[in-house]
Amino acid sequence: MMKGMKDMASMMRQAQQMKKDMATMQAKLDELTMDGTAAGGKVTVTMSGKMLVRGVKIDTALVDADDVETLEDLIAAATNDALTKVQDYVNGEVQKITGGLGGGLLG
């Protein structure tokens, strides 16, 4: 009976530590930024760790009023690249905290 109680207490401590670690990670995500790129870096989208777009940079050589569709596609590609990087980062951090118990949360 005592062993069961010790195991339960240990699990509770681990859960409390995981909760603390997750809160720390969430706070870090406010500061984290990742860049996604397309066209060899000529289009860059900067995204926060909370998956908010913080900025878009476009090389002026890509701006062509007669071909807006290509530019739109490149922005979408850079945004998706940034999103994938953020998701991979967050999932990796969650894996470290949970020891693989939480699985991938994103993507």
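Matching residues to (1) free of Cβ contacts under 8 Å to residues at least 60 places away in the same chain; (2) hydrophobic (A, V, I, L, M, F, W, C):
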{"residue": "D21", "(1), (2)": "no, no"}
{"residue": "Q26", "(1), (2)": "yes, no"}
{"residue": "D30", "(1), (2)": "yes, no"}
{"residue": "G36", "(1), (2)": "yes, no"}
{"residue": "G40", "(1), (2)": "yes, no"}
{"residue": "M51", "(1), (2)": "yes, yes"}
{"residue": "R54", "(1), (2)": "yes, no"}
{"residue": "I58", "(1), (2)": "yes, yes"}
{"residue": "D64", "(1), (2)": "yes, no"}
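Within the stretch 47-77, the set of residues being small (G, A, S), over 13 Å from T33 (Cα atoms) and surrounded by fewer than 13 Cβ atoms within 10 Å (Cβ to Cβ) comprises A61, A65. For the stretch 94-107, taking the residues that are of a type in the set (A, V, I, L, M, F, W, C) and under 16 Å from the mean Cα position of the chain (by Cα), the one that is modelled with the highest pLDDT is identified as V94. Checking N80, N91 one by one, the residue that is at pLDDT 95 or above, surrounded by 11 or more Cβ atoms within 10 Å (Cβ to Cβ) and of a type in the set (S, T, N, Q) is N80 and no other.
The values are calculated or read from the model by the stated rules, or taken from the named source; none is laboratory data. Just so we're clear, the structure is a prediction, and the values are computed from it rather than from any experiment. Cβ coordinates were reconstructed from backbone atoms using ideal geometry, including for glycine residues, and neighbour counts include every protein chain displayed.
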